[in-house]
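Notes follow the structure.
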Amino acid sequence: MSELLRILLVEDNREDTNFIRQLLPQTGPARFQMESVGRVAAAVVQLQAEEFDLVLLDLGLADSPGLPALRQVCAAAPDVPVIVLSGTDDQESGAAAVRGAHLRVVGN
């Protein structure tokens, strides 16, 4: 029996959403059920209403760009792992996101 992993994708670009859906394998040891929302506010509502195993979070969202989006998602579901996605080559923001996530985990 394969395990079902529930993923919440927070991405406001439809092409990127479709691309990520295609990347997830349809067969194998794990099955994926992915829901997607285009705003951080909608993600917070989803995370409070349902259980997810993983969040894929774009840092370039219109309603909450950058690290504030990560903070809001982590606050809404502190026990759910978050993978940060970014279409930019901004290594400083990526490093800040990792530092912030690390501090949150260590502080718990």
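The values are calculated or read from the model by the stated rules, or taken from the named source; none is laboratory data. Just so you know, these numbers come straight off a predicted model, no measurement behind them. In this analysis, Cβ positions are derived from the backbone assuming ideal geometry, glycine residues included, and neighbour counts consider all displayed protein chains.
Side notes on the structure shown:
- For the range 68-82, residues that are surrounded by fewer than 16 Cβ atoms within 10 Å (Cβ to Cβ) and part of a helix (DSSP H, G or I) total 2.
- Matching residues, the range 14-61, being in a loop (DSSP other than H, G, I, E, B) and surrounded by 14 or more Cβ atoms within 10 Å (Cβ to Cβ): LEU24, GLY38, ARG39, PHE52, ASP53, LEU59, GLY60, LEU61
- Which listed residue, of SER64, SER93, is of a type in the set (S, T, N, Q), at pLDDT below 85 and part of a helix (DSSP H, G or I): SER93
- Among residues of the range 20-42, those that are modelled with pLDDT of 90 or more and either closer than 17 Å to LEU59 by Cα or hydrophobic (A, V, I, L, M, F, W, C) (or both), counted: 8
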